[in-house]
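In what follows, a single structure is set out as structure tokens and then discussed.
The values are calculated or read from the model by the stated rules, or taken from the named source; none is laboratory data. Given the structure is predicted, the values throughout are model-derived calculations rather than measurements. In this analysis, Cβ positions are derived from the backbone assuming ideal geometry, glycine residues included, and neighbour counts consider all displayed protein chains. Calculation scope for accessible area: heavy atoms of the full protein, side chains included, ligands and nucleic acids excluded. Shrake-Rupley method; radii C 1.70, N 1.55, O 1.52, S 1.80 Å.
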Amino acid sequence: MAAGGDVLGLSLLGGGSVPPSILAAVFALVLFVILFITKLMGYFKILLNIATFTYPNAFVSVKGNPCIQERALNRLIESGTIPEVLALVRGYGFAIDIGDYATMEEIDRCFEEYFRSECTEIEHMVPVSVQPFFRAFSMFQETEVLKAAFRLKHASVAAREMESLLGPVGIISQPLLQKMIDARNVDELVRLLQPTVYGPTLLSALGDAAMERTTLPFERALDTFACEHLRSSLAHSDALQTPPLMDFVAFYFDITNIKIALRGLRDGVEMDVLAQYFLPTGHHITRDVQKRMSEARSVHDMHGHLQHTPYFDAFNAALMAYEKSGSLQPIEAALDRALLDAVIRLSLVYHSGPATLLRYLVAKKFELQNVRAIVWGLQNRIAPETVRTLLIRQGGAA
């Protein structure tokens, strides 16, 4: 029987008379195995991505963002002195090394350095799949230092004072920063930065800066460069992780463009000039909306142009406070709350990816902004009710 089986096998293979039913069965089995492996690889990739984000997400979840929560903010507002506020903040886990009787400038510097360190820590912690995005996110902190350096150098501020106002961040190392501080003028500052990624951008703005005799062309160029780099970083990140990052970028660009239009209206900036300051478009603030906002003659006109966008209600809720104070701060705070709510929603939908880390950094920025507002209120004896309108808290309420 064994020999007969072997002969039968050889005759089927050698004679080319394999029954169609057997061929179909073999083909189906092979196809099933291929599909199974492909499906398994897809699941494996998802599980691998979840695993790579487990530690960094757990790390930021443990640290949390207490100073956007109602309870913590109430405790801070009810503090009678600035030392009490700073002690509470340290108790909430903020690694800030600052004296109880520091000036507002020293507090600002400390908070800026602390936030930069947080961005750098997260950037070094994230999986390779999203490192391009978080590197680009950290560049916003670098450009803030560069813009401050250009303003100070243009104003001929003494080197010692510049040292007290600027700190290293990212690719702006302490040795490079010291050379920037020691530069004789703005032109030399541009030359020093040529070996960096910002070199070509700053060089292209040098002519306009010389003509306008201001640092605004440098600042516009740096803002544009950072935003374009943030958007382009999405193409270099893992496609599986980009949906929440893309949504955040769109929200950020939208809200920042509304703020730019508001400040342009307040300062009487011409439409053609204002257009140079707009960031790339997001989801809802298109070029057409930007144009209409830049043509608005009042804050109420601008509010009307946002009627069919998600930002209309946030803007509307702050109009009464704006009318009472004449300040844009309540409106800008309302827009910041809208951004915070958006990034929190993204972290809930995409809870096992980079959205949790992004929420932590955005919320940390607003936490520091809240603490600064409370300290400023105590320094200037501002009523707590007024300070509350400036705070960015989870849930969006003023």
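Below is a table of values for the structure above.
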| item | result |
| --- | --- |
| Filter result (at pLDDT 85 or above and assigned to a loop (DSSP other than H, G, I, E, B)) within the stretch 381-398 | ARG381, ILE382, ALA383, THR389, LEU390, LEU391, ILE392, ARG393, GLN394 |
| Where TYR114 falls short, out of the listed (1) of a type in the set (Ser, Thr, Tyr); (2) open to solvent by 40 Å² or more (accessible area, probe 1.4 Å); (3) in contact (Cβ under 8 Å) with a residue 60 or more places away in the chain | (2) |
| Check on ALA317, surrounded by fewer than 20 Cβ atoms within 10 Å (Cβ to Cβ) and part of a helix (DSSP H, G or I) | yes |
| Cβ pairs under 6 Å, 6+ apart, first in the stretch 296-314 and closer than 23 Å to GLN394 by Cβ, second open to solvent by 60 Å² or more (accessible area, probe 1.4 Å) | THR309/HIS284 |
| Among the residues listed as THR281, THR242, the single one being under 20 Å from the mean Cα position of the chain (by Cα), surrounded by 14 or more Cβ atoms within 10 Å (Cβ to Cβ) and closer than 22 Å to SER138 by Cβ | THR242 |
| Conditions (1) at pLDDT 90 or above; (2) touching a helix residue (DSSP H, G or I) at 6+ places or on another chain (Cβ under 8 Å); (3) of a type in the set (S, T, N, Q); (4) surrounded by fewer than 19 Cβ atoms within 10 Å (Cβ to Cβ); number of the one not met by GLN174 | (2) |
| LYS179 vs. criteria under 23 Å from GLU106 (Cβ atoms), among the basic types (Lys, Arg) and either open to solvent by 10 Å² or more (accessible area, probe 1.4 Å) or at pLDDT 90 or above (or both) | no |
| Failed item in (1) at pLDDT 90 or above; (2) more than 20 Å from ALA72 (Cβ to Cβ); (3) open to solvent by 50 Å² or more (accessible area, probe 1.4 Å), with ALA334 passing the rest | (3) |
| Every residue from the stretch 203-241 that is over 14 Å from LYS153 (Cβ atoms) and of a type in the set (D, E, K, R) | ASP208, GLU212, ARG220, ASP223, GLU228, ARG231, ASP238 |
| The stretch 292-314: number of residues that are surrounded by fewer than 18 Cβ atoms within 10 Å (Cβ to Cβ) and closer than 17 Å to PHE251 by Cβ | 4 |
| Any hit, the stretch 77-93, residues being of a type in the set (Phe, Trp, Tyr), buried (at least 16 other Cβ atoms within 10 Å of the Cβ) and either touching a strand residue (DSSP E or B) at 6+ places or on another chain (Cβ under 8 Å) or closer than 30 Å to ARG231 by Cα (or both) | no |
| Meets criteria (open to solvent by 10 Å² or more (accessible area, probe 1.4 Å), of a type in the set (Lys, Arg), in a loop (DSSP other than H, G, I, E, B) and farther than 23 Å from VAL60 by Cα) for ARG184 | yes |
| So ALA250, is it touching a His at 6+ places or on another chain (Cβ under 6 Å), closer than 30 Å to SER347 by Cα, assigned to a helix (DSSP H, G or I) and among the small types (Gly, Ala, Ser) | yes |
| Of all residues making up the stretch 56-85, the number that are under 26 Å from the mean Cα position of the chain (by Cα) and touching a residue at least 24 places away in the same chain (Cβ under 8 Å) | 15 |
| Filtered residues of the stretch 253-278 (kept if closer than 14 Å to ARG220 by Cα, open to solvent by 30 Å² or more (accessible area, probe 1.4 Å) and part of a loop (DSSP other than H, G, I, E, B)) | ALA275, GLN276, TYR277 |
